[in-house]
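The values are calculated or read from the model by the stated rules, or taken from the named source; none is laboratory data. Small disclaimer: the values here were computed from a predicted structure and weren't measured. Every residue, glycine as well, gets a Cβ built from its backbone with ideal geometry; the counts of neighbours run over all protein chains shown.
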Amino acid sequence: MGYRCERCLISVHKSCIPNSGRCGHARRQENPPELPPRPPPCSPSSHPVNSHRMNAHEEGAHAHQGNMTAWELSPPDELLPLPCQHSLNVPLPSHHLWFVGEMGRERASALLERERDGTFLVRIRPRGPTNPSETAFALSLKTDSKVKHMKVYEREENGVPHFFLSESRFFPTIVDLVNCYEQTSLGENFVGLDVTLQWPYGRTEAIVEFDFEPTESNQLRLQRGRRLIVLGKEGDHKGWWKGKIDDQIGFFPKEYVCEMRDSNRAAVLYGLHDDIP
């Protein structure tokens, strides 16, 4: 099956439409959709409000103590938290592009080995926790051409679970943990791992259909015809996605872009029509 542009007469396969380049004569001229209500109030790069660091008295021993290296990605025994049985009694972050559900270590490694450095995912370990202080969650990250796996721990304070990688910082949810380490180096937890989480495994690419001028600091400016990376869809129910263009990250109205994997819509966007059986 192929498509031919009525204007420039180029022919491409359906799957190649998004990469075929723009025909300036064939672009749609309709007005942009109505803007949705305001996006989530927090900046996509902000740290979680309710996370906190333990002071020296509370920590007892720092996560960097001893000979821990970047590939020994579990806090030592003396840092393990109080037992907590709520590791899966919390809402799953299913709407986030970095969450892949249940997945083993080997499968996660195989997927991430093909990705660029900085790509990460959060998974549920099939075997579950191996001791009461662990959750069933693990964070897997491609960095320095290798894949690292980090267990997510949990402790309970006043009946409320707190998630962490080491006792350097605690978070009320897995989402807050990920949001923080998209901007904060994992080196605060693990010696030699001075990197951040950059690319959700489930990210997609999109083409901007309509210009958009931000009215808030957490929004992303869009220019028609440019490509962007969709980093998150957690604001989907409000009409907003989170994306990146060059070094800028922010929210944008989802109806203003066409995802690259949506070949049928891309065919209309590019003015391409079916002509090859």
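Considering the conditions (1) free of Cβ contacts under 8 Å to residues at least 60 places away in the same chain; (2) in a strand (DSSP E or B); (3) touching a helix residue (DSSP H, G or I) at 6+ places or on another chain (Cβ under 7 Å), L228 is excluded by exactly one of them, (3). When the test is whether a residue is modelled with pLDDT under 95 and in contact with a helix residue (DSSP H, G or I) (Cβ under 6 Å, 6 or more places away or on another chain), S217 does not pass it.
Residues that are modelled with pLDDT of 50 or more, farther than 15 Å from P214 by Cβ and assigned to a strand (DSSP E or B) within region 235-277 comprise C258, E259, listed in sequence order. Test V195 against the criterion of being touching a helix residue (DSSP H, G or I) at 6+ places or on another chain (Cβ under 9 Å) and either in a strand (DSSP E or B) or among the acidic types (D, E) (or both), and give yes or no. No, not satisfied.
Where residues in region 150-176 are without any contact (Cβ under 8 Å) to a residue 40 or more places away in the chain and under 11 Å from E134 (Cα atoms), which of them is surrounded by the fewest Cβ atoms within 10 Å (Cβ to Cβ)? Going through the qualifying residues, I end up with V152. Here N179 clears all of (1) in contact (Cβ under 8 Å) with a residue 24 or more places away in the chain; (2) farther than 29 Å from D236 by Cα except the condition numbered (2). Can you tell me which residue is nearest to L92 (Cα to Cα) among those in region 118-149 that are buried (at least 22 other Cβ atoms within 10 Å of the Cβ) and touching a residue at least 60 places away in the same chain (Cβ under 8 Å)? Only one residue tops the list, namely L121.
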